[in-house]
Amino acid sequence: MNLTDTHAHLADERILPVVDEVVERARAAGVATIVSIATDAEDSRTCLELAERFPGVYSTAGIHPHAAGTASDETLSTVAELLRHPRVVAVGETGLDYFYDHAPRGVQRASFERHLALSAETGKPVVVHCREADDDVREMVREWKGGARGVLHCFVGDRELMDEALDAGWHISFSGLITFKKYEGADLVRAVPVDRILVETDSPYLAPVPHRGKTNEPAFVAFTAARAAEMRGEDADAFAALTSANARRFYGIGEE
């Protein structure tokens with residue numbers, strides 16, 4: 001099976017101490033490519049170190065909305081500098097989180113705007129977190145249409161947000177949430193065009209069934225991909241290959 005985990009936090013304290021074993025298990029599960037997602041400037045540096053260390057691992061650089069309140073011009077300059085590296089394939093994770101509100105909403109929006117500008121400047125896509133902020137994210141996607149391109153990761157938004165993103169040429173990524181018994185978004189999984197759908201773990205969070213409650217890791221993306229394929233009435237192996245091809249094209253990743 002040819003799988004890509006498009007969103008994993010390998011620098012997280014629950015994964016980093018055992019990252020060698022985590023990457024090895026991913027390889028054994030058929031996960032050829034992992035994108036290690038950054039959440040702040042320090043995390044961005046660590047993700048790049050991992051990308052340089054492991055074949056098939058790539059990184060991002062950015063400031064998560066939770067950390068937007070402590071971001072500075074210096075940290076954003078660090079992000080911009082790291083984006084010059086060829087193994088840093090995207091901007092982020094950025095976006096808006098109105099559920100936890102760890103940073104003031106205006107500060108989150110300003111940080112998101114700067115990340116979108118970096119995406120437009122560098123030509124690298126932006127990885128977007130959205131929680132209970134559909135209206136504002138939809139507005140910003142619309143404003144940057146034709147400039148920044150991106151992915152709505154771990155998608156839990158409404159159809160209006162999805163349609164706005166797809167209209168702007170963005171991708172939609174689904175996590176282990178879609179394997180949960182109470183998940184009610186199968187119609188959204190089916191609605192994403194074949195060339196725009198991605199799968200992820202969001203490790204170490206949101207482990208899919210049958211590993212729910214455990215620390216998530218890239219090897220488990222196979223369960224999410226299989227469930228998405230089932231929902232869409234597609235062959236599991238073919239869907240895994242399709243989403244991997246989408247990921248390589250989206251992130252600009254070549255064969256290693």
Segment 128-164: GluC sites (Glu not before Pro) falling in loop per DSSP and having at most 15 other Cβ within 10 Å: E132
Estimated FRET transfer efficiency when R0 is 25 angstrom, pair T70-R142 (beta carbons, to 0.05): 0.30
From the C-alpha gyration tensor of segment 1-90, square roots of 5λ in Å: 24, 13, 10
Accessible area per residue, Å², segment 59-137 with all protein chains present, probe 1.4 Å: 41 Å²
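Rounded to a whole number, what % of the accessible area of segment 194-256 do carbon and sulfur atoms account for, probe 1.4 Å? Write down the numbers at each step before the final one.
Numbers: 1380 of 2640 Å².
Roughly 52 percent of what the probe reaches on segment 194-256 is carbon or sulfur.
Expressed in nm to one decimal, what extension gain is obtained for the pair D20 and K182 from 0.36 nm per residue of sequence separation less their Cα-Cα distance?
Answer, rounded to one decimal: 55.0 nm.
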Segment 70-92 versus segment 12-30: alpha-carbon centroid distance in Å: 24 Å
Estimated inter-spin distance, R87 and D135, nm [label 7 Å along Cα→Cβ]: 4.4 nm
Rg and Dmax of segment 144-202, Cα atoms only, in Å: 11.3, 38
For segment 185-224: span of alpha carbons on each principal axis (Å, largest first): 31, 17, 14
Sulfur and carbon atoms: percent of accessible area, segment 74-142 [1.4 Å]: 48 percent
DSSP beta bridge pairing in the chain, given as percent antiparallel to the nearest 5: 0 percent
For segment 37-189, fraction of C-alpha pairs farther apart than 23 Å, in %: 34 percent
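The values are calculated or read from the model by the stated rules, or taken from the named source; none is laboratory data. Just so it is clear, the structure is predicted and the values come from calculations on it, not from any experiment. Methodologically, a virtual Cβ is constructed for each residue, glycine included, from the backbone with ideal geometry; neighbour enumeration extends over all protein chains shown. Note: areas computed on protein heavy atoms with side chains; ligands, DNA, RNA excluded. Shrake-Rupley method; radii C 1.70, N 1.55, O 1.52, S 1.80 Å.
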